[in-house]
Amino acid sequence: MGGKSRNQDRTIIAASALMFAASSLFQILARKVPGFGDWYARRIYRFMVGSIGRLSGVFPFALVEACTYLLILYAVFYVFVHRKERKKILIRAVFLVTGLFLLFTLNCGINYYRKPFSSYSGLDMRKSSVEELERLCRKLTEDVNRMCGEGIAKEIDLKSLEKESVKAMKGLGEAYPELAGYYPTPKPLLWSYFFSAQQLCGQYSPFTVEATYNRSMPDYNIPHTVCHELSHLRGFMREDEANFIGYLACIGSEADAFRYSGYLTGWVYATNALAKADWEAYAEICGQLREKAWDDLTNNNEFWGKYEGKTAEVSNRMNDTYLKFNSQSDGVNSYGRMVDLMLAYERLK
């Protein structure tokens, strides 16, 4: 039995070394070889979404959530049974970590090094004037106020929302071929407190190729969030681009709740930028926003305010480190560049 166990350990060690070597090689190719990330996202990653994504899509629940719970239970059980065999536990822990690293690299990490969405969309990315920013804010205020007048439902039917998000993304794919293709249905976490405590609206799982979201957060936030997460399944991993793609999908949707979510999300980003550039113009525009929209924004702030604390702080630091590891040098501040994309889109129109 001892010899058999040692052979198993050697096999697992060899497999771990092979997975780590493969992951490292792909990371180096993506970072150092021009065009590799773009080629991979367009040729290989599409296959991953169409195969792994379809498989995980068979399950009506978030497969990544179920697997996480099962993995935790199994790990606790395994450590308890083999608590005296520390080497055995360590070898299998390394195997698990290297396996997850390989899945992350293949289904997410390489995509950070593809061409930006702006290079496919014809957007003119350049420095914009304060006047351009103010015009955008005024237009978005009109759009939000119009949607308030059309009477947005207070509660969103999640099943309808999930179908509409796929429809909205496919519709956007007709205008932008890089966004065309198969989209699995986004899924809410059953235990959304896990996201709320980290102040997360949603997350893309590279391990199961799923788009997941926080079903507990205020309704206006959900449509944009699910479209944001679905954009990652087309290989656009940068957060500023995912926010912008989610914005485009929402404002192009036929559903009032989606258009409202897109316009109001865009309004928040644009007016935050205007507040730093021209406070008086910002204050004036804020005074023009309808009470319904202010109520939604207030409820949103109150919801996330309940979860401020050490957990959210640690989560934010981890997210910042994660983004910088994947060459988003501004870390969480990269979210603000969505405004430049919206301004470029307005110039294109």
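Side notes on the structure shown:
- As a length-normalised measure over Cα pairs under 8 Å and 6 or more apart, the relative contact order of segment 179-277 settles at 21 percent.
- With 20 Å bins from 0: P(r) over the chain, alpha-carbon pairs, percent: 27, 56, 15, 2
- Relative contact order (percent, whole number), the chain, Cα cutoff 8 Å, 6+ residue spacing: 22 percent
- Relative to the longest principal axis of the Cα atoms of the chain, the long axis of helix 256-277 lies at roughly 80 degrees.
- GNM top mover of Tyr78, Tyr263, Tyr220 - the chain, alpha-carbon springs below 10 Å: Tyr78
- C-alpha center-to-center spacing [segment 216-245, segment 79-130] in angstrom: 18 Å
- In degrees, nearest ten, helix 310-325 long axis to first principal axis of the chain (Cα): 80 degrees
- Computed E for Ala15/Arg86 - FRET, C-beta separation, R0 25 angstrom, nearest 0.05: 0.80
- Ellipticity estimate at 222 nm from DSSP helix runs (n ≥ 4, -39,500 (n - 2.57)) divided over the chain, nearest 500: -21000 deg cm²/dmol
- Percent of Cα pairs exceeding the 18 Å cut-off, where the set is segment 195-271: 37 percent
- Close amide H contacts of Lys187 (hydrogens built in the peptide plane, cut-off under 5 Å, sequence separation of 5 or more or a different chain): Ala211, Thr212, Tyr213.
- Sequentially through segment 67-83, phi angles give Karplus couplings (6.51, -1.76, 1.60; θ = phi - 60°) of 5, 5, 5, 5, 5, 5, 4, 5, 5, 4, 5, 5, 5, 5, 5, 10, 4 Hz, Gly and Pro residues having no value and appearing as x.
- GNM flexibility winner over the chain from Trp294, Trp267, Trp304 (Cα, springs under 10 Å): Trp294
- Karplus (6.51, -1.76, 1.60) ³J(HN,Hα), θ = phi - 60°, over segment 197-205, in Hz, Gly and Pro reported as x: 4, 9, 6, 10, 7, x, 6, 8, 9
- Were the residues from Arg138 through Glu291 laid out at 0.36 nm apart, the gain over their Cα-Cα distance would be 53.5 nm.
- If R0 equals 45 Å, the separation of the Cβ atoms of Tyr78 and Lys276 corresponds to a calculated FRET efficiency of about 0.30.
- GNM result for the chain, Cα springs below 10 Å: residue of Asp157, Asp278, Asp296 fluctuating most strongly: Asp157
- Estimated FRET transfer efficiency (Arg31, Val94; beta-carbon r; R0 22 Å; 0.05): 0.40
- Where only alpha carbons of segment 3-162 are counted, the Rg and the Dmax (Å): 23.9, 75
- Cα-Cα over 30 Å, subset of Lys276/Lys306; Lys170/Lys276; Lys115/Lys349; Lys115/Lys159; Lys115/Lys292; Lys170/Lys349: Lys170/Lys276; Lys115/Lys159; Lys115/Lys292
- Helix 291-305 axis, angle to the chain major axis (alpha carbon atoms, nearest 10°): 30 degrees
Every number here is computed from the coordinates shown, using simple stated rules; none is lab data. Everything numeric in this text was worked out from a predicted model, so none of it was measured. Positions of Cβ are backbone-derived with ideal geometry, glycine not excepted, and every protein chain shown enters the neighbour counts.
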